[in-house]
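Reviewing the structure listed below.
Throughout, read-outs are computed from the coordinates displayed, never taken from laboratory work. As the structure is a computational prediction, the values presented were derived from the model and not from experiment. Glycine also receives a Cβ, built like all others from the backbone with ideal geometry; neighbour counts cover every protein chain displayed.
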């Protein structure tokens, strides 16, 4: 039976503290079933997913095999999908992914592993897919199907428009799906256009279905899949038709569910400061009124009588929230010297602060807080911008080849005795011969990293930083890994600890706290937290404050914002022009469709200002938002 808070939810949804807890719960269901069936000498048939979402689940299953004696000899697996046209050893093939992340580490018999084959000749695909369905039936059907969810709402590669009774087949990938995979393939042109996938009808035949989702980026699509009506426009919503489907999600992915976003609609609330802020801001938007014009009747009509009873009347409550929001807006992100800082986000002393801006890779901090960086510099603070990773994975072969060809031409013009053949640019020959599906060599990655670093330095200088204030840490986990498969090590933490102790900042700016745990932002934030654990006993740390800035593709929610820095029209244009220096990142912003990085930065900044304006506060050109890191507090 549903709890009161879940009245709007049409699928059983379990909100966990984080992805680790959620993965543990799903893993326990699988482990218990494998043990039970083993005692009965019966097989277990699992439907498995790829991508970043199930990585923690697979790690937990490997641990159960290694440390708890769990055998997978009675397990038969069927994978959801595979890119069409990829060789099995391609680094982004799902065959390779599953062997790297699970099969090579457990004792499952090779003959029990079933994955769609992307190498099947085109005229044989239909028959092959029919046979895949037959194999699942002959194995006894799927006992448990594991799913993730894409930003289009796809499950497997069932894109919008898929029918609820669709079976295993070849599909054409949605443009947004291919764009999201572009960084994994080092360029959208290298992402296959087709895939073989189980159908929605195939998935719905499973005895149990567990869908997992992590991070703020999945929140909106999760809310629609769970609470809206089933529709082919959002394939995951068809899971509402299954009698035994459960969503396991973390807090960030749950943030758009009614019980989290508007809990006053589903039961009594524990009214703390942030929730009161959220409720009043929501009400102002629903009524299309400034905060100070809300009336008692507005609160009552929209289910907020409880808030009015505890903190009303509306006049007093409105003024309290208006003042709270107004005090979060400051043109002095480093604190205003010789001013009363009782109600200011940042303290006044010391007058000149050491401010450390950490960016998971080049471009992220510049998009999230480029104008604030410039403001800190102009107000006399000692600013260091440190890019944790080189960003070479986000440079396409096309851009790298263009740069290498250009450099070769310059050398030729200067009298290269080899006529500009590229002998003095060793990477040129490799780039000319490299296949789009071929993984980049360390030499190519180093060259691509150099391009990003040069762009980052130029951008930083456009934000009024000197070159010596721009650091490139080149954390080893990034140089050794690839997106969604990073493996941080102690060396990465040590480099961050060294930087922190060298600078001993009064302020640190960081992002990634609500990102998918396998994303670069989240991995970087995790390393930062480990580094903080190393230095928090140091004397300087007691006078350091950590501010979280918005990710590059979305806004920090208004009710969570504790510092907003106004951006003038001229400052916004300077930020946009600075970001324009990232030539290799044109149309490369993850999660954003058909917009360049500078357009995204401009539109998000303006949206933040428009939200404040609509609430009845001052009108600004743009705003950059920040939140005090609660774990530090």
**Q.** Bins of 5 Å from zero: percent of alpha-carbon pairs in region 124-274
**A.** 2, 9, 16, 19, 18, 15, 10, 5, 3, 2, 1, 0, 0
Q) What whole-number value in cubic angstrom gives the convex hull volume per residue for the C-alpha atoms of region 40-130? A) 103
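If contacts are Cα pairs under 8 angstrom and at least 6 residues apart, what is the relative contact order of the chain in percent? List each step's numbers first, then the result.
Numbers: 1156 pairs, mean separation 80.4, N = 633.
It rounds to 13 percent for the chain.
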Q | Relative packing of peptides 449-458, 191-200, 355-364 - highest average C-beta neighbours within 10 Å first | A | 355-364, 191-200, 449-458
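Relative contact order for region 355-493 using alpha-carbon pairs under 8 Å, separation at least 6, rounded to a whole percent?
Here the relative contact order equals 32 percent.
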Q) Could you state the number of Å between the C-alpha centres of region 230-286 and region 458-487? A) 36
Q.
Test of understanding: express the Cα radius of gyration of region 500-633 as a ratio to 2.2 N^0.38 Å, with N the residue count.
A. 1.16
Q. Taking the Cα-to-Cβ direction at residue 568 and at residue 40 and moving 7 Å from each Cα, how far apart do the two end points lie in nm?
A. 7.3
Q: Starting from the Cα of residue 306, step 7 Å along the direction of its Cβ; do the same at residue 3; then give the gap between the two resulting points in nm.
A: 1.3
Q) Taking the alpha-carbon set of region 264-327, what are its Rg and Dmax in Å? A) 10.5, 31
Q | Centroid-to-centroid separation of region 150-169 and region 529-580 [C-alpha atoms, Å] | A | 38
Q.
Within region 282-296, list the residues whose amide N lies under 19 Å from a label point set 7 Å along Cα→Cβ of residue 319.
A. 290-296
Q | Helix-derived mean residue ellipticity, 222 nm - over the chain, DSSP H n ≥ 4, -39500 (n - 2.57), to 500 | A | -12000 deg cm²/dmol
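To two decimal places, what compactness ratio does region 229-293 give when its Cα radius of gyration is scaled by 2.2 N^0.38 Å?
Relative to the rule-of-thumb radius for its length, region 229-293 sits at 1.47.
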(Q) On a full-extension model of 0.36 nm per residue, what is the gain between residue 123 and residue 285, subtracting their alpha-carbon distance, rounded to one decimal in nm? (A) 52.8 nm
Q: Could you tell me the convex hull volume per residue, in Å³, taken over the Cα atoms of the chain?
A: 170
Q. Which whole number in µm²/s is D for region 285-357 by Stokes-Einstein, with the Kirkwood Rh taken over Cα pairs at 37 °C and 0.692 mPa s?
A. 225
Q.
Can you compute the modelled spin-label distance between residue 107 and residue 613, with each label point 7 Å from Cα toward Cβ, in nm?
A. 6.7
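Give me the compactness ratio for region 350-416, meaning the Cα radius of gyration over 2.2 N^0.38 Å.
Values: Rg = 17.8 Å, N = 67, 2.2 N^0.38 = 10.9 Å.
Compactness ratio reported: 1.64.
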Q: Sort out for me the Cα centre separation of region 58-107 from region 325-349, rounded to whole Å.
A: 53
Q: Take peptides 555-561, 172-178, 62-68, 250-256 and line them up by average Cβ neighbours within 10 Å, highest first, as a rough protection proxy.
A: 250-256, 555-561, 172-178, 62-68
